[in-house]
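Colleague: This is the structure I have questions about; it appears just below.
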Amino acid sequence: MSTTETANHVVENTVPVPDPEVLKSWLRDMLQIREFEVRSMQAYQNKLAGGFLHVYNGQEAVAVGCIAAMRHTDPVITAYRDHGHALARGLDPKIGFAELFGRIDGCAKGKGGSMHFFDRNNSMFGGHGIVGAQCPLGTGLAFATKYTEEVIKGGTSESVTACFLGDGALNQGSVHEAMNLAVIFNLPIVFCVENNRYAMGTAVGRCTASGNQITNRAVAFGMEARSIGGMDVIEVYREMKEIVDQVRATSKPYFVDIDTYRFKGHSMSDPRKYRTHEEEQEFEADDPIEKLTRYLLAQKAMTEEELKSLSKQVRLEIREAVNWARQSPVPDISELHHDVYADTWGDYTGTSLPGYMNPATDEDAATGEASNGS
Amino acid sequence: MAREIEFREALREAMSEEMRADPRVYLIGEEVADYNGAYKVSKGMLEEFGPRRIIDTPISESGFAGLGIGSTMLGLRPIVEFMSWSFSLVAADQILNNAPKMLYMSGGQFGCPIVFRGNDGAGGQLGSTHSWCVESLYANVPGLKMIIPSNPHDAKGLLKSAIRDDNPVFCLESERLLSVKGDVPEGDYVVPIGEAVIHREGTDCTLVGFGRTVYFCEQAADELAREGISCEILDMRSIRPLDLDAIIRSVKKTNYCVVVDQSWSFASIGSEVAAEVHAACFDDLDNHVHRVHNDDVPAPYSHDLEQEMLPNARKICEAVRSVTYNA
């Protein structure tokens, strides 16, 4: 049982630690995210991926722990450091790489890029590029689930939206507007602040009033809030499970300050001169993947052999995903005028879903192949 | 059965009829519920639909515009009222980045069926910050549609089309027109987005207008008729998509064209129409296209200055005389 200091009171967390098999699946998810990011950086250096690339190394326990505490139909929305959330939500890494490489099989058909990972089938609502702008959208998702469940279906609200944001977003007006709306409309949303201590290169204390206790922001809105550790996936899950269950029951928003660390720079062009090497080493020693690994080994829930095999399996899967994505064609030039409008007029050619979301087409293709072969 | 009702009532009928037909439609904005609408457009709607569907917001445009956009990602179809489009500027990131680009950036996964509507243009002596004409600014952005009705009939028909549209539609109304009365059919009908209408037939010069400027064109056409110049007035009704074919048909008939646009002239709808007409009617024009705009100044408070700033009938008459001097 862990004890957490919240903005208002001390709570005893009674959520049980999940079974070893569940923990192993989380380890697998975190390894997958880490490996995805390692390969993303490599692809960026090889000019397979362009634009901006913001990697998630070090923060894996946040996405995996938070999303494990939710239902698969609960909406998730985040900012531009979004690969981890999309993968934790279930996005196939090969679809993610195809997007990074600007290929037609990407989750946004190569039109969104790294900062815009959307996956409707997995309730992943982006991937948004403007700091804080996803927060009003997040309140809209929470509004929509509640409206649909209560006003249209006549039942009770049962979905919870997780809206992720960084500590840097706390000084955007849209975030404050979103928090105010969430409180006055009683929206079932959790604002998950991934507090990695830097707004790009500006330390939180240099740019954020009461930056040493950011839950104060929520308290000002009359919103319940707590601070939790973000480097231990079990802790993240247990705290979030309690929060998500409460929000589901009360339909009132919650604010959670998740203490984490970004092992790499803000983006690929960041020399990280604003922090010391010693500080980085200190946090790297607190690696969430190693922490869970140590736990599983100590609990004898996993052997060294199993660990090696799992790591190898993930590395192989990601390597295959990269290769698959490299084979995916670049979008036809006609895609330039596709998806601008839902309908067709003038130069605009209407819209369609990405190939991987359209099993009917795949089946047709498969059937076609079969009949051709016979 | 048509009867004469006010512009604001026509807007209300459009919203109410669509809300009765589709539970996914809701109205959200400042003072739309308890207050009955700052300009009484939503008067009585709270009573009929209740507070879950007619929703008062804080003064927080970025927040509630974004909330509306987010809700479309799960299938709702909101109508977001800006008390004035002037106030939409603080929500620019939401309405210009998120609404019109969501479909594209998500590779077709999330469309944004939303209507933003409210007053646009000079009211009466409201000064510069409250007198924005956002049409030229916002029409620049691909992914959105834009309608600017000039009369109650079109207001109801276009707004119903907008609510049913699967794309974000910006509906620009004019405070100065909300009390204008006109014949409006009872019950369901739509005016398709993207179709202009000939407001008045004429032979000598095409006047291209939309929204409030159609009335300025009317005044000018009356005066010019007394001088023997017959103007054809085109009411564009939609800005995106723009019914260029209708303009071209008319210009091929009259050989002269004056565009009347209540926004500023630089990089505007007026300049866009002029460029397109020059390209499409190069051999038909007997003079270059003239443009009448708001003066290139912030809107003043003083009554006489404000009237002079507008693309008023006097300026239109001068432009038509100037463009047709060689007829």
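Laboratory data are not the source of any read-out in this text; all were calculated from the coordinates shown. What you see is a predicted model; the values in this text were computed from it and never measured. Glycine also receives a Cβ, built like all others from the backbone with ideal geometry; neighbour counts cover every protein chain displayed.
Colleague: Extending each Cα 7 Å along its Cβ direction at A:I152 and A:T73, get the distance between those two points in nm, one decimal.
Modeller: A separation of 1.2 nm, rounded to one decimal place.
Colleague: How big is the gap, in Å, between the Cα center of the range A:194-228 and the Cα center of the range A:41-117?
Modeller: Between the Cα centres of the range A:194-228 and the range A:41-117 lies a distance of 25 Å.
Colleague: Can you list which of the DSSP-assigned H helices in chain A have a Cα extent of 24 Å or more along the long axis and an average Kyte-Doolittle score of at least -0.5? Each step should come with its number before you reach the end.
Modeller: Details: long enough: A:20-45 (37 Å, -0.56); A:233-250 (25 Å, -0.16); A:304-327 (35 Å, -1.00).
What comes out of the filter, once short or polar helices are dropped, is A:233-250.
Colleague: Please state the shape class of the range B:2-185: rounded when a/c is under 1.5, otherwise prolate if a/b exceeds b/c and oblate if not, all from the C-alpha gyration tensor.
Modeller: Here the range B:2-185 falls in the rounded category.
Colleague: In whole percent, what relative contact order does chain B give with Cα contacts below 8 Å and a gap of six or more residues?
Modeller: For chain B, the relative contact order is 16 percent.
Colleague: Then there's this: So for chain A, averaging the separation of alpha carbon pairs under 8 Å that are six or more residues apart and normalising by length, what relative contact order in percent results?
Modeller: RCO, chain A: 21 percent.
Colleague: Roughly what angle does helix B:152-164 make with the longest principal axis of chain B, taking Cα atoms, 0 to 90 degrees, to the nearest 10?
Modeller: Relative to chain B, helix B:152-164 is tipped by roughly 50 degrees.
Colleague: Residues of the range B:146-172 with backbone nitrogen within less than 16 Å of a virtual label 7 Å along the Cα-to-Cβ line of B:A2, please, listed as ranges.
Modeller: The answer is B:150-158.
Colleague: Sort B:V320, B:V197 so the one with the fewest other Cβ atoms within 10 Å of its own Cβ comes first.
Modeller: Sorted ascending by nearby Cβ count, the order is B:V197, B:V320.
Colleague: Once R0 is set to 22 Å, what does the formula 1/(1 + (r/R0)^6) return for the Cβ-Cβ distance between A:S269 and A:E290, expressed as a FRET efficiency to the nearest 0.05?
Modeller: So, using R0 = 22 Å, E works out to roughly 0.20.
Colleague: Still on this structure, I have one more. Picking from A:I130, A:I189, A:I33, which is most flexible by a Gaussian network model of chain A using Cα springs under 10 Å?
Modeller: Maximum among the listed residues: A:I130.
Colleague: Counting Lys +1, Arg +1, Asp -1, Glu -1, what net charge surrounds A:H338 among other residues with beta carbon under 11 Å of its beta carbon?
Modeller: -2
Colleague: I've got another one for you. Three principal axis extents, largest first, for the C-alpha atoms of the range A:164-293, in Å?
Modeller: 44, 36, 23
Colleague: Just to confirm a number: summing +1 for Lys and Arg and -1 for Asp and Glu over residues other than A:Y147 whose beta-carbon lies under 9 angstrom from that of A:Y147, what do you get?
Modeller: In short, +2.
Colleague: As an exercise, use a Förster radius of 35 Å and the Cβ-Cβ distance of B:Y35 and B:I198 to find the FRET efficiency, rounded to the nearest 0.05.
Modeller: Between B:Y35 and B:I198 the formula returns 0.35.
Colleague: Estimate the FRET efficiency between A:Q281 and A:V330 by the formula 1/(1 + (r/R0)^6), using the beta-carbon distance for r and 56 Å for R0, to the nearest 0.05.
Modeller: 0.85
Colleague: Let me ask something else about it. Which percentage, to the nearest 5, of the DSSP beta bridges contained in the range A:121-237 is antiparallel?
Modeller: Numbers: 2 of 8 bridges.
About 25 percent, rounded to the nearest 5.
Colleague: Ignoring everything except DSSP H segments at least 4 long, calculate the 222 nm mean residue ellipticity for chain A; use -39,500 (n - 2.57) per segment, divide by total residues, nearest 500.
Modeller: Mean residue ellipticity, 222 nm, calculated: -13500 deg cm²/dmol.
Colleague: Next up: Would you mind ranking B:W264, B:W85, A:W345 so that the residue whose beta carbon has the fewest other beta carbons within 10 Å leads the list?
Modeller: On the way: B:W264 17, B:W85 25, A:W345 14.
Fewest to most other Cβ atoms nearby, the residues stand as A:W345, B:W264, B:W85.
Colleague: Let me ask another. Would you please state the base-10 log of I(q)/I(0) at q = 0.08, 0.09, 0.10 1/Å for chain A, with intensities from the Debye formula using one equal scatterer on every alpha carbon?
Modeller: -0.42, -0.53, -0.66
Colleague: With only Lys, Arg, Asp and Glu charged, each at its Cβ (+1 for the first two, -1 for the last two), find how big the charge dipole of the protein assembly as shown is about the Cα centre; round to the nearest 20 debye.
Modeller: 1060 debye
Colleague: Determine the sum of side-chain charges near B:G121: Lys and Arg each +1, Asp and Glu each -1, restricted to other residues whose C-beta is under 15 angstrom from that of B:G121.
Modeller: -4
Colleague: What nm value, rounded to one decimal, do you get for the distance between A:M200 and B:D245 when each label is placed 7 Å out toward the C-beta?
Modeller: 4.8 nm
Colleague: Right, another one. Let me see the P(r) profile for the range A:60-197: every Cα-Cα distance counted, bins of 5 Å, each bin given as a percent of all pairs.
Modeller: P(r) for the range A:60-197, in whole percents per bin: 2, 11, 20, 22, 19, 15, 7, 3, 0.
Colleague: Same structure, new question: For the range A:195-348, give me the percentage of DSSP beta bridges that are antiparallel, rounded to the nearest 5 percent.
Modeller: Antiparallel: roughly 30 percent of the beta bridges in the range A:195-348.
Colleague: So if I restrict to the alpha-carbon atoms in the protein assembly as shown, what is the Rg, and what is Dmax, the biggest pairwise distance, in Å?
Modeller: Using the Cα atoms of the protein assembly as shown, the pair Rg, Dmax is 28.4, 99 Å.
Colleague: Of the DSSP beta bridges with both residues in the protein assembly as shown, give the percent that are antiparallel, rounding to the nearest 5.
Modeller: 30 percent
Colleague: Assigning unit charges at the beta carbon (Lys, Arg +1; Asp, Glu -1) and nothing else, what dipole magnitude in debye, to the nearest 20, does the range B:196-238 show about its Cα centre?
Modeller: I would put it at about 200 debye.
Colleague: Order of A:M268, A:M302, A:M240, B:M236 from fewest to most other C-beta atoms within 10 Å?
Modeller: A:M268, A:M302, A:M240, B:M236
Colleague: Which whole-Hz couplings ³J(HN,Hα) result when phi for each residue of the range B:113-120 is put into the Karplus expression 6.51 cos²θ - 1.76 cosθ + 1.60, θ = phi - 60°, listed in order with x for Gly and Pro?
Modeller: x, 9, 10, 9, 9, x, 6, 10
Colleague: Full extension from A:I184 to A:K300: what is 0.36 nm times the residue separation minus their Cα-Cα distance, to one decimal in nm?
Modeller: Here the answer is 36.9 nm.
Colleague: So what's the back-of-envelope 222 nm ellipticity for chain B, counting only DSSP H runs of four-plus at -39500 (n - 2.57) apiece and dividing by all residues, rounded to 500?
Modeller: Dividing the helical sum by the residues of chain B leaves -10000 deg cm²/dmol.
Colleague: Okay, moving on. Report the residues of the range B:228-251 in range of a label on B:E276: point 7 Å along Cα→C-beta, backbone N strictly under 17 Å from it.
Modeller: What the label zone holds, given the 17 Å backbone N cut-off, is B:233-251.
Colleague: What is the magnitude of the charge dipole of the range A:2-331 about its Cα centre, with +1 placed on the Cβ of each Lys and Arg, -1 on the Cβ of each Asp and Glu, and no other charges, expressed in debye to the nearest 20?
Modeller: 1040 debye
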